[in-house]
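Report on one structure; see the data block that follows.
Read-outs throughout are calculated quantities, based only on the coordinates presented, and are distinct from any laboratory measurement. Everything quoted here is computed from the prediction, not taken from an experiment. Note: ideal-geometry Cβ built from the backbone for every residue, glycine included; neighbour counts use all protein chains shown.
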Amino acid sequence: MFLEAALYALSGFFMKFSDDALDEKNNTILGVASGILCVAGIGYLAVNFQDAATIFLAILLGTLLSAKVDKLGHLVTLIIFLVILFIWGIPTIGFISLALCTIAAWLDEVGNDRESLKGKKIVETFFKYRFSLKIMVLILAVLGGLKVIYPLQVPGINFFQPVTFIYFMLFDLAYELAGLKFNSIYEGLYNIYRIIS
């Protein structure tokens, strides 16, 4: 339980750090290095836990569908993630659960970059903080909790463990923290590099 929570948080942090290193600083080495740390975490989670496999495959597919895999660093980490899944496999996941989470992830990616939504405070905030996937994970986690009381089976849908929503929020909070602290961490790493080189 602690390991899952830590890996979700670390994966979220390194995913955002990698994105910003690649997109804002055009630093491929740092972007790929932090991306590999992210992929190690999500790879372990996806191989070992059904809910994580659904969430992280959905994020991958949503990102691909929105054409956001657009830098060498993104491609390298994508390939490493797919190799991990190919070698170690993933648990059985529900196709409908994956499709719903993928649509939510895609909406978040597309809405986050939509210029026409800028200035529309509620909608802009909704997509800035990527609430579509959060809501979908919450729904699947609540239904998973209700399944304990009311045995419910829907073909193609694997409901999440209720704790998965908490794990996903840790992922998301760490992702946001990395975005807030990126410049100061980047400058600190850059200064260390200058001192030792």
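Using Cβ point charges alone (K and R +1, D and E -1), the dipole size of the chain about the Cα centre works out to roughly 200 debye. In straight-distance terms, cross-link reach from residue 134 covers every one of the aspartates and glutamates whose alpha-carbon lies under 16 Å from its own, apart from those fewer than eight places away in the same chain; here that gives 51, 108, 109, 124, 172, 176. Relative to the dominant Cα principal axis of the chain, helix 28-48 is inclined by about 20°. Cross-link partners of residue 71 among lysines, defined as those whose alpha carbon lies under 22 angstrom from its own and excluding same-chain residues fewer than eight positions apart: 16, 25, 128. So for the range 1-150, taking the charge dipole from beta-carbon charges (+1 Lys/Arg, -1 Asp/Glu), which of 123, 110, 49 sits furthest toward the positive end? My answer, from the dipole projection, is 123. Listed options for semi-axes √(5λ) of the Cα gyration tensor in Å are [x] 30, 23, 20; [y] 29, 20, 16; [z] 30, 23, 14. The value calculated from this structure is the one marked [y].
Helix 95-113 and the long axis of the chain differ in direction by around 40°, with both axes built from C-alpha atoms.
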